[in-house]
Amino acid sequence: MKYSFIQPRKKPIWTLFDKTWFALFIFGISFILFIYFIYLFKVSFISNSIENKKQEIILKENQISKNEDLYKILLNQSYMANNFYTQNQYIKESLKNILDMVIQTNAITLDNLEQNKYSLKLSGITPTKEMFILLLETPLKSVFDESHTNYYKLNNGWYRFISINTKIGNNNER
């Protein structure tokens, strides 16, 4: 027996409405997972970037430390060079003054003049010991820490002298 005039149709389990909602649900979940993975990638990238920056900071700090050490060395060398320059200028001016005095006297004659780092050796002829002491030995004592002079009497009454002058305070270099 038949109670209907039409042929029965098969009803689908999933209707268009159900399929639409299911597709929107899957799209929402995949969108949330996509945003989550992007977030994880960004966090990983930023964490890696932070680690790289930390390494760069450590390298820069090491470089700064090395540069500070080099600066101290250069400052020390500059101080030493300036000190040498000042000492050389002082000794140069003093020697120039001493040689000017020798030229002005016309009596004291220098045969030999040897200059080392911290010493000066003069040898020559002077009419009297007093003239040498007055004109040369006193200025030499003001420039050098130690001054020793030996005199040898010549046949004509003049004196041959050898004067050795040294600076002691500069033997300890920085």
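The values are calculated or read from the model by the stated rules, or taken from the named source; none is laboratory data. This structure is a prediction, so every number in the text was calculated from the model and none was measured. Virtual Cβ from ideal backbone geometry, glycine too; neighbours counted across all protein chains shown.
Do we find a residue being farther than 20 Å from residue 168 by Cα and among the acidic types (Asp, Glu) anywhere in region 78-96? For region 78-96, residues farther than 20 Å from residue 168 by Cα and among the acidic types (Asp, Glu): absent. Put simply, of 98, 103 the only residue that is surrounded by 13 or more Cβ atoms within 10 Å (Cβ to Cβ) and either in contact (Cβ under 8 Å) with a residue 40 or more places away in the chain or outside any strand (DSSP E or B) (or both) is 98. In the set (1) at pLDDT below 85; (2) surrounded by 15 or more Cβ atoms within 10 Å (Cβ to Cβ), residue 125 fails one condition alone, (1).
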